[in-house]
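FYI, it's all coordinate maths here, none of it is from the lab. On a predicted model such as this, the values are computed, not experimentally measured, just so you know. In this analysis, Cβ positions are derived from the backbone assuming ideal geometry, glycine residues included, and neighbour counts consider all displayed protein chains.
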Amino acid sequence: MSKHVVARAADIPPGGRKLVTVRGRPIAVFNLGGTFYGLLNRCPHQGGPMCEGVLTGLIEADTPGTYRYSRAGEVLRCPWHGWEFDIRTGQSWCDPEKVSLRNYSVEVAPGQRVVEGPYVAETIPVTVEEEYVVVEV
């Protein structure tokens, strides 16, 4: 698998998202409290653009009439038909055994590591001042 720099970490604030294209694949990158997740930007139902979906949470109940809201901002709802997916895993909430969004490994890499990379070339002194979001495809 190859790794691709897609954004500066500061470009995607907590609760934010960014649509990127890596090797022809549209990938929605989400920042949940400083941890980044990448999901294919196509709903498995009918191809809806997931990056445009609403971020919501779960409504849970132990008994009828007693509800609690949890996992705020961790559930992504397709903008076309409302199918819901866990941003952390890509699993569907309606049928987790059969339906999921393709998820991609995402990391935050220090600029120095991105600059050094696996390349062999003439080098010049470089300073790095940012962190970048890197998607593995």
When D62, D11 are ranked with the fewest other C-beta atoms within 10 Å first, the list becomes D62, D11
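Once you mark the chymotrypsin sites (Phe, Trp or Tyr not before Pro) that are in a DSSP loop and have at most 15 other Cβ atoms within 10 Å, what is the longest gap between them in the chain? It would help to have the intermediate numbers written out before the result.
Working: sites that count: W80, W93, Y119.
The reported range is 1-79.
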From DSSP H assignment alone, runs of 4+ in the chain each adding -39500 (n - 2.57), the sum over residues rounded to the nearest 500 puts [θ] at 222 nm at -1000 deg cm²/dmol
Computed over segment 4-87, the relative contact order (Cα-Cα under 8 Å, seq sep at least six) in percent reads 20
Amide H proximity to A7 below 5 Å, modelled H, separation 5+ or other chain, gives V133
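Could you give the longest part of the chain that holds none of the trypsin sites (Lys or Arg not before Pro) found in DSSP loops with at most 16 neighbouring Cβ atoms within 10 Å? Working shown, then result.
Values: sites that count: R23, R88, K98, R102.
No qualifying site falls inside 24-87, the longest such stretch.
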